[in-house]
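The values are calculated or read from the model by the stated rules, or taken from the named source; none is laboratory data. These numbers come from a predicted model, not from an experiment. All Cβ positions, glycine included, derive from the backbone under ideal geometry; neighbour counts span all protein chains shown. With ligands, DNA and RNA removed, areas are computed over all heavy atoms of the protein, side chains included. Shrake-Rupley method; radii C 1.70, N 1.55, O 1.52, S 1.80 Å.
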Amino acid sequence: MAAETLAARGWSVDVYDGMPSVGRKFLLAGVGGMNITHSEPQPAFVGRYPDRRDFVRPWLQAFSSDGLRQWVHDLGIETFVGSSGRVFPREMKAAPLLRAWLARLRQDGVRIHVRHRWLGWDAERNMLFKVGARGGGIAGEARVQPAVVVLALGGGSWPRLGTDGAWLPLLEQQGVEVSPLKPANCGFDVNWSEHFQQNFAGRPLKQISIRLRGADAPQEAQLGECVVTADGIEGSLIYALSSSIRQRIEQDGDACIAIDLLPDQSRERLLRELSKPRGSRSMASYLRQRARLEGVKANLLREVAVAETWHNPEKLVDLIKALPLRLVAPRPLSEAISSAGGVPPAALGPQLMLNALPGVFCAGEMLDWEAPTGGYLLTACFASGRLAGEGAHLWLTRHQTRGPIDSNQING
Ligand SMILES: Cc1cc2nc3c(=O)[nH]c(=O)nc-3n(C[C@H](O)[C@H](O)[C@H](O)COP(=O)(O)OP(=O)(O)OC[C@H]3O[C@@H](n4cnc5c(N)ncnc54)[C@H](O)[C@@H]3O)c2cc1C
């Protein structure tokens with residue numbers, strides 16, 4: 001986005017990426033349906049960046065979710081709003097969008113250099129790149145000294161896509177304050193019994209609600225689904241709470257969530273049904289017939305319940321409506337959808353230029369903000385890229401004696 005913004009202003013732009021092709025995480029996001037943004041009104045939208053509203057608001061004011069949709073349409077890709085308010089490209093894929101975008105960037109004169117891994121600055125303030133070998137060629141290095149730099153190096157999740165967070169020490173060495181990267185929108189470890197782990201890993205827990213237990217936790221339960229894994233639990237419902245859960249684990253060593261296994265059944269109804277005599281039926285068939293509780297849900301109940309629960313309808317209903325599950329650690333950053341941490345607001349000016357490094361701007365997930373899934377991640381990345389591009393343009397205008405070069409020079 002920064003490259004596009006600068007090229008549109010007539011500047012000569014080079015994009016460097018360490019991987020053999022650009023946009024690999026963007027393409028991966030497309031595998032799950034490419035939720036590009038969300039249609040909710042701006043105030044609610046900004047509220048999705050808790051603790052960082054003031055940081056993100058100006059980006060979104062300059063480039064809103066509507067602006068982003070229009071930008072996608074201008075690339076020849078239609079979008080639609082799903083029943084949840086999430087916005088997707090009509091084909092639910094990232095590849096056609098990325099293809100169209102790269103073609104337009106090239107047309108605008110942007111040069112893209114892949115297999116260029118940035119290693120920091122040398123003593124002469126050149127940007128130093130390790131250049132990967134291509135088609136039997138020899139690997140080498142490149143040094144460039146651009147008039148302005150926009151870094152958009154991503155967070156730390158899925159390092160095999162090129163985003164390994166190796167830039168953090170490079171910026172720290174230059175006196176830039178950075179916060180460690182942490183998993184966001186991630187799963188969590190649970191100490192399952194061997195029986196439960198072996199029999200239920202991979203099974204979805206559908207139509208449940210979850211809230212984080214504890215006095216200072218957001219008490220509104222969230223409805224949805226998640227998945228039992230060999231190590232614990234993951235999925236959209238867990239991701240939505242992952243920031244609070246992670247913070248609780250950092251603070252207390254673990255976090256307890258309460259799962260309502262049957263949010264569509266009232267406590268009163270369940271108590272009435274489960275107070276009826278069980279007779280000779282097994283507990284499994286009793287729960288299935290009286291409460292429609294079966295499969296992985298019934299077994300999760302069994303995993304957590306103690307012996308006396310089964311003979312006490314009150315306690316059984318309490319457990320079904322607020323099953324406590326202890327989460328002991330977030331899954332590793334490499335597995336997360338996104339990361340928290342990175343370059344904090346205090347290290348940046350209003351147009352995302354690093355205070356410690358004049359002429360160097362930052363954008364995207366490498367900035368210290370986090371948001372739930374729902375299109376909020378890509379929207380903030382796009383919008384911050386645009387703002388950084390505008391900032392870089394202003395910087396160049398003020399500091400270059402030469403103005404933007406004309407398109408003949410770019411293409412030449
Ligand atoms: C499985 C998955 C699904 C997702 N689905 C969605 C979704 O549906 N909606 C949504 O909004 N978000 C989604 N996201 C998140 C979204 O993809 C990211 O937030 C977004 O791609 C971040 O953009 P970015 O430009 O900041 O960084 P990235 O897209 O991570 O790009 C950073 C680039 O920097 C390059 N790089 C890093 N270090 C160096 C270096 N030292 N030298 C040279 N190049 C370097 C990398 O190769 C990479 O190409 C998903 C993420 C994952 C993992």
Keeping to region 40-54, report how many residues are within 15 Å of the ligand (Cβ to nearest atom), open to solvent by 30 Å² or more (accessible area, probe 1.4 Å) and in contact with a helix residue (DSSP H, G or I) (Cβ under 7 Å, 6 or more places away or on another chain). 1
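Can you name every one of the helices (runs of 4 or more DSSP H) wholly within region 266-364 that holds 1 or more residues which are open to solvent by 40 Å² or more (accessible area, probe 1.4 Å) and within 23 Å of ILE245 (Cβ to Cβ)? Lay out the reasoning, then the answer.
On the way: elements: 267-274, 283-291, 295-304, 313-321.
In region 266-364, the matching helices (runs of 4 or more DSSP H) lie at 295-304, 313-321.
Residues in region 141-154: is at least one open to solvent by less than 30 Å² (accessible area, probe 1.4 Å), farther than 17 Å from PHE382 by Cβ and either assigned to a strand (DSSP E or B) or of a type in the set (Asp, Glu) (or both)?
Step one: list which residues in region 141-154 are open to solvent by less than 30 Å² (accessible area, probe 1.4 Å), which gives 142, 148-149, 151, 154.
This time we only want the ones that are farther than 17 Å from PHE382 by Cβ, so: 142, 148-149.
Right, trim to either assigned to a strand (DSSP E or B) or of a type in the set (Asp, Glu) (or both) and you get 142, 149.
Looking through region 141-154, at least one residue is open to solvent by less than 30 Å² (accessible area, probe 1.4 Å), farther than 17 Å from PHE382 by Cβ and either assigned to a strand (DSSP E or B) or of a type in the set (Asp, Glu) (or both).
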Would you mind telling me which numbered condition in (1) open to solvent by less than 50 Å² (accessible area, probe 1.4 Å); (2) in contact (Cβ under 8 Å) with a residue 12 or more places away in the chain; (3) part of a helix (DSSP H, G or I) PHE88 fails? (3)
Let me spell it out: the conditions are (1) open to solvent by 30 Å² or more (accessible area, probe 1.4 Å); (2) within 12 Å of the ligand (Cβ to nearest atom); (3) of a type in the set (Gly, Ala, Ser), and SER65 meets all of them except one. Which number is the exception? (1)
Looking at (1) away from the ligand (no atom under 13 Å from the Cβ); (2) under 25 Å from LEU367 (Cβ atoms), find the lone condition where ALA100 falls short. (2)
Considering only region 155-167, how many residues are open to solvent by less than 60 Å² (accessible area, probe 1.4 Å) and touching a residue at least 60 places away in the same chain (Cβ under 8 Å)? 9
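Return the residue satisfying two criteria in turn: it lies in region 104-131 and is at positive phi and open to solvent by 60 Å² or more (accessible area, probe 1.4 Å), and of such residues it is nearest to the ligand (Cβ to nearest atom). Full working, then the answer.
First, the residues of region 104-131 that are at positive phi: 109, 115, 120, 125.
Subsequent filtering for residues that are open to solvent by 60 Å² or more (accessible area, probe 1.4 Å) retains 115, 125.
Details: ARG115: 9, ARG125: 17 Å.
Filtering first and then ranking leaves ARG115.
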